[in-house]
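Read the structure below first, then the notes.
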Amino acid sequence: MRHTEVTKNALFLEEKEVHVLTVEEVAQMIDHSVLLPQQTEKDLEEGVALACKYHVKCMVPKIFQIPQAKKLLAGSSVRLCAPIAFPQGLNAPEVKRYEAEWALGEGAVELDMVINISALKSKLYAHVERDIVGVVEAASRYGAPVKVILETCLLTDEEKVAGCKIAERAGASFVKTSTATQPGGATVEDIRLMRATLSPQVVVKASAYVTDIDKTMALYEAGARRFGTGYTEAILEGLMKRLAAPGRKA
């Protein structure tokens, strides 16, 4: 990476040419999640407050918390994202569609749905596509983008490629790595593979165990342009400290 001057709120990265990422730009690539089953209503309130403080892109609560999260987000610019068939994705397509319709009716404006992992691994590709299409059709009536979660740590590279292609064909706006409920999460190698498989119109989202600014930037350089994380504060404060360091070079 070429050494360049770092200003107060910007990180210089080099892809084909030098690009400047500000703290605000990184925040706008973050979906802040409060999805662990042990997290309570207090965690939701604190998560919403943090999301609003840093002006992140989305807040992702547990599905039953969508109505309460909508109230807590009132007046903010943070978008409300609903997790569909989370975390295993094994619901019937009709159930996923109904859940999506309910969440959208309650105020969600983006959806993160888990692919049917078992069906994908069984090469039941028509079922996988129908599963996604139902959610995409429900979301399209609200103008809501759909992110399809692959759970990459459970898949071979061949299955990851197949999942990406099916998700794009079914109308997904994003394809996402992981749920953070399995041992593995986003890796640079998986992001590169997904980015190479998908067309430029489909965004790659890196999620699960994205815990600090170093990993975030490595995944960004690999092609991720949205991040799912519960470590928003650590990531953004880490970036602020990096940029404020005297003589810091990127």
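Full extension of the chain between L90 and A234 yields a length gain of 48.6 nm, computed as 0.36 nm times the residue separation minus the alpha carbon distance. With helices as the sole contributors, the chain gives -13000 deg cm²/dmol at 222 nm; each DSSP H run of n ≥ 4 counts as -39500 (n - 2.57), and the sum is divided by every residue.
Taking 31 Å as the limit for the C-alpha separation, the pairs K42/K121; K123/K147; K62/K123; K53/K165; K62/K215 exceed it in the case of K42/K121; K53/K165.
For the pair A244 and K123, what calculated FRET efficiency results from E = 1/(1 + (r/R0)^6), where r is the Cβ-Cβ distance and R0 = 45 Å, to the nearest 0.05?
That pair, K123 with A244, gives E of 0.30.
Taking amide H atoms as placed 1.01 Å from N in the peptide plane, the amide H of S207 lies under 5 Å from those of T177, S178, A186, G228, each 5 or more residues away in sequence or on another chain. Comparing mean-square fluctuations of A222, A119, A139 from a GNM of the chain with C-alpha springs under 10 Å, the top value falls on A119.
Could you give the alpha-carbon Rg of the range 46-186 over 2.2 N^0.38 Å, rounded to two decimals?
In units of the globular-protein estimate, the range 46-186 measures up at 1.02.
Derived value for the chain: Kirkwood hydrodynamic radius 18.3 Å. Basis is the mean of 1/r over every pair of different alpha-carbon atoms. Here the calculated FRET efficiency for R169 and E41, from their Cβ-Cβ distance with R0 = 30 Å, stands at 0.15, rounded to the nearest 0.05.
Coordinate-derived values only; no laboratory data. If you're wondering where the values come from, they're calculated on a predicted model, not measured in any experiment. FYI the Cβ positions are ideal-geometry reconstructions off the backbone, even for glycines, and counts take in every protein chain you see.
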